[in-house]
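> Okay, here's the structure, questions in a sec.
Laboratory data are not the source of any read-out in this text; all were calculated from the coordinates shown. Being a predicted model, the structure only gives us computed values, none of them experimental. Note that we place each Cβ from the backbone using ideal geometry, even for glycine, and neighbour counts take in every protein chain shown.
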Amino acid sequence: MVKNITLLINQDAIESRIKEIAVRISNDFIGESILCVCVLKGAFIFMADLLKHINVPTNISYMAVSSYNDQMK
């Protein structure tokens, strides 16, 4: 059981903003094809939700990144 969590942004607000972003992207790239690059692992659900609402031809690529700052001492 999860305790002491405060909801800051509800699901409807997130979905609404994702749709707004998708509309802006679609309008900015009318008549063009776009490449969306998704940084794994954290952004793949956001990217999937965003791509559902983009109305221009879209390609997607994925990129994995790692941080090794602790090992570079």
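> For the stretch 32-73, would you read off the P(r) tail past 14 Å as a percentage of all alpha carbon pairs?
When all Cα pairs of the stretch 32-73 are counted, 56 percent exceed 14 Å.
> Select from the chain those GluC sites (Glu not before Pro) which occupy a DSSP coil region and have at most 12 other Cβ atoms within 10 Å, ordered by residue number.
The qualifying sites are E32.
> A further question follows. Return the long-range amide H neighbours of I34 (sequence gap of 5 or more, or a different chain), with a cut-off of under 5 Å between placed amide H atoms.
For I34, the qualifying residues are T58, N59.
> Starting from 0 in steps of 10 Å, tell me what percent of the Cα-Cα pairs of the chain lands in each bin.
Each 10 Å bin holds this share of Cα pairs: 16, 35, 28, 16, 5.
> Here's something else I'd like to know. So, in nm, how far is label I30 from label S66 when the simple model puts each one 7 Å beyond its Cα toward the Cβ?
For I30 paired with S66, the spin-label model returns 4.6 nm.
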